[in-house]
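Read through the structure below, which is laid out as structure tokens, and then see the notes.
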Amino acid sequence: MTVLLNDYLQQQLQQHGLPEKLGSVISSISNACLNINHEVRLGALDNILGSAHTGNIQGEEQKKLDVLSNQLMINALRANPAVAGLASEEEETYVAAHEEGEYLVLFDPLDGSSNIDVNISIGTIFSVLQKPAGELSTQSFLQPGKDQVASGYVLYGPQTILVLTLKHGIALFTLNEDNQFVQTARDPKIPADTQEFAINMSNQRHWETPMQAYIAELLAGKTGPRNKDYNMRWVASMVAEVHRILVRGGVFTYPKDHRDAQKPGKLRLMYEANPMSLLMAQAGGAATNAHQNILDIQPEGLHQRVAVILGSRNEVAYATAKHQA
Ligand code: AHG
Ligand code: MN
Ligand code: MN
């Protein structure tokens with residue numbers, strides 16, 4: 001039987017007594033992603049490649065597609081009365097939507113910007129929170145990852161895939177020829193052990209000593225203390241690395257390094273680490289900042305950076321333990 005995204009949402013809402021409006025927020029996100037997907041597929045034909053010649057709040061150069069995807073997400077979410085406000089990697093402050101809205105949506109509209117122009121997998125990552133009572137402020141958004149009510153991503157790869165959790169397991173959907181998300185997998189379980197790691201090795205000299213020691217052990221393979229050979233991958237799109245890990249396991253890390261004392265990592269807690277960590281937890285994997293579960297971190301700022309180690313739980317535990325000595 002073909003299960004479309006909407007069927008799945010209705011079934012989940014009913015089974016777990018979740019509000020209809022949560023389903024509508026997910027629908028708005030998936031509609032925006034269909035529009036982003038359309039642009040991604042056209043590429044140069046729609047003049048969406050290349051730089052926008054602007055910078056974002058993080059001081060990063062914006063690509064045309066970063067700006068466009070951000071706008072498509074904002075438009076779709078603002079049109080939904082259940083959305084009280086949103087926060088984006090590409091916006092300086094949060095954006096207020098509907099006073100009566102129940103939900104807050106945080107997102108990385110386009111993950112993997114360096115891969116846009118070279119036709120390598122990119123994605124959109126999202127996180128949904130309940131809006132706390134009272135007036136909307138930045139504080140309303142600063143909830144630990146464990147309080148997310150939903151999260152997921154859309155991967156614009158060889159196939160367009162939506163991965164979603166409403167905190168009752170995970171569902172995977174593949175976009176069909178009629179532009180509908182069809183469920184193609186349910187509750188993937190990440191193998192606890194792995195022989196595949198992902199890290200940007202070019203930053204090696206900047207890492208802290210425990211990460212240096214951990215990766216050295218993996219590189220030593222069978223001749224080292226781990227007693228097995230490892231393989232390495234680095235796509236430079238977190239969304240693609242997380243998808244690979246959901247499907248076949250692995251460990252992904254973007255560690256803290258010594259380049260900028262203000263930044264305890266490159267990835268953003270609210271737009272990247274939290275939503276992905278919830279998916280990991282729902283699939284039997286794990287995610288830490290090398291010291292604690294990412295989902296337990298009390299956020300201090302919308303654009304806060306964080307070190308990330310995520311994936312197969314035994315490997316994440318091993319790498320994390322290395323940092324506690
Ligand atoms: P974004 O494109 O949203 O800025 O995020 C890119 C992130 C992440 O997706 C990826 O893992 C990492 O940056 C790649 O960083 P390097 O270019 O340093 O490898
Ligand atoms: Mn990103
Ligand atoms: Mn981005």
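Numbers at a glance
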quantity	calculated
Qualifying residues in the stretch 212-246 (those that are in contact with a Leu (Cβ under 9 Å, 6 or more places away or on another chain) and of a type in the set (G, A, S)) - the one farthest from ligand 3 (Cβ to nearest atom)	G224
Residues satisfying the stated conditions in the stretch 271-299, i.e. more than 16 Å from ligand 3 (Cβ to nearest atom) and out of contact with any helix residue (DSSP H, G or I) (no Cβ under 9 Å at 6 or more places or on another chain)	Q282, Q298
Residue satisfying all of: in the stretch 34-66; within 23 Å of G265 (Cα to Cα) and buried (at least 18 other Cβ atoms within 10 Å of the Cβ); nearest to ligand 3 (Cβ to nearest atom) among these	D66
Top-ranked residue of the stretch 67-93 - restricted to ones that are touching a Ser or Thr at 6+ places or on another chain (Cβ under 6 Å) and either under 28 Å from S51 (Cα atoms) or not small (G, A, S) (or both), ranked as farthest from ligand 3 (Cβ to nearest atom)	N80
Where a residue in the stretch 28-48 is on the phi < 0 side of the Ramachandran plot and outside any helix (DSSP H, G or I) and its partner, wherever it lies, is modelled with pLDDT of 95 or more and acidic (D, E), with Cβ under 7 Å and at least six apart	I48/E39
Filtered residue count, the stretch 127-165, keeping only those that are within 24 Å of H303 (Cα to Cα) and either modelled with pLDDT under 95 or not hydroxyl-bearing (S, T, Y) (or both)	25
Residues satisfying the stated conditions in the stretch 195-252, i.e. open to solvent by 30 Å² or more (accessible area, probe 1.4 Å) and either at positive phi or in contact with an Asp or Glu (Cβ under 6 Å, 6 or more places away or on another chain) (or both)	H206, K222, P225, R226, N227, N231, V235, A236
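The values are calculated or read from the model by the stated rules, or taken from the named source; none is laboratory data. None of these values were measured; they are calculated from a predicted model. All Cβ positions, even for glycine, are placed from backbone atoms using ideal geometry, and neighbour counts span all protein chains on display. These area figures cover heavy atoms from the full protein model, side chains too; ligands, DNA and RNA do not enter into them. Shrake-Rupley method; radii C 1.70, N 1.55, O 1.52, S 1.80 Å.
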